[in-house]
Amino acid sequence: MTRASERATGAVRELILRGDFAAGARLGEVELAERLGVSRTPVREALARLASEGLVEIVPNRGARVSSWTVAELEEVFDLRAALEPRLTALAVPNAGPADVDALDDLAQRMLGAELDDLVPLNRAFHGLLAELAAHPAMAGALAGAIHAPIVLRNFHAYDDASLRRSLAHHVEIVAAVRAGDPVWAQAVMTAHIHNARAVMVRVAREDSA
């Protein structure tokens, strides 16, 4: 993949994960090329790469669109996430040094005061740092695909006030568990965190399919 294609892939991925394109939205090569200031070739290669990641669907004779998920598919995604991420969080605890805990705390505190549109990159950084600290690349790689799907389906605008408060409080409590060196506590809070997200995303998917 050329440097231009890599840049285009990163830019389109970020637009999707940030919520600029809704689930099911068409991704036109010409429009994206103009938006990114590149030719259509890097965009075409970027869409193919994102299709392999599950973020984009390429339909013959109809072009590319942002992947959409049925309720059943979304539940499967959260089943996978619930099996992997709490375990990764527990594995991260003994590997987290003071600077790592401070970085996690900074992200958790910034999320408490962030605007909704700013939560997605902060949330991704928080979960990504935990996965990195776990030092288990195979499990983290499997988790990466599971995390993309619900973020694409909806960003934090889907959360009601109570669910959002729970989610942000979970981040703060996970930091406390990591700081205390307690993997069982960290794993338990991450499990609750994922079930909170699952309830929100599945509800929204059901509303959209009604």
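The residues of region 25-38 that are in contact (Cβ under 8 Å) with a residue 12 or more places away in the chain and either among the hydroxyl-bearing types (Ser, Thr, Tyr) or assigned to a loop (DSSP other than H, G, I, E, B) (or both), listed by number, are Ala25, Gly28, Val38. A single entry from Gly24, Gly10, Gly28 fulfils the requirement of being at positive phi and not aromatic (Phe, Trp, Tyr): Gly24.
Close Cβ contacts (under 8 Å, 6 or more residues apart or on different chains) running from residues in region 91-102 that are without any contact (Cβ under 8 Å) to a residue 60 or more places away in the chain to residues that are surrounded by fewer than 17 Cβ atoms within 10 Å (Cβ to Cβ) and part of a loop (DSSP other than H, G, I, E, B) comprise Asn95/Ala135. Out of contact with any Leu (no Cβ under 8 Å at 6 or more places or on another chain) and either part of a loop (DSSP other than H, G, I, E, B) or farther than 30 Å from Gly181 by Cβ (or both): is that true of Asp20 in this structure? Considered against the rule, which asks whether it is out of contact with any Leu (no Cβ under 8 Å at 6 or more places or on another chain) and either part of a loop (DSSP other than H, G, I, E, B) or farther than 30 Å from Gly181 by Cβ (or both), Asp20 comes out as yes. Pairing each residue of region 103-122 that is at pLDDT 95 or above with any residue that is open to solvent by 80 Å² or more (accessible area, probe 1.4 Å), provided the two are 6+ apart or on different chains, yields C-beta distances under 8 Å for Asp105/Arg179.
Filtering region 5-41 to residues that are more than 29 Å from Leu74 (Cβ to Cβ) and open to solvent by less than 30 Å² (accessible area, probe 1.4 Å) leaves Ser5, Ala33. If we scan region 165-186, do we find a residue that is of a type outside the set (Val, Ile, Thr), at pLDDT below 90 and either part of a helix (DSSP H, G or I) or in contact with a Gly (Cβ under 6 Å, 6 or more places away or on another chain) (or both)? No, that holds for no residue. Selection of first residues in region 10-24 that are under 13 Å from Arg65 (Cα atoms) and at pLDDT below 80 and of second residues that are open to solvent by less than 30 Å² (accessible area, probe 1.4 Å) and hydrophobic (A, V, I, L, M, F, W, C), restricted to Cβ pairs under 7 Å at least 6 apart or on distinct chains, gives the following pairs, ordered by first then second residue: Ala22/Val66; Ala23/Val66; Ala23/Val152; Ala23/Leu153.
The values are calculated or read from the model by the stated rules, or taken from the named source; none is laboratory data. Please read these numbers as outputs of a predicted model, since none were measured by experiment. Cβ coordinates were reconstructed from backbone atoms using ideal geometry, including for glycine residues, and neighbour counts include every protein chain displayed. Areas reflect the complete protein model, heavy atoms only, side chains present, ligands, DNA and RNA absent. Shrake-Rupley method; radii C 1.70, N 1.55, O 1.52, S 1.80 Å.
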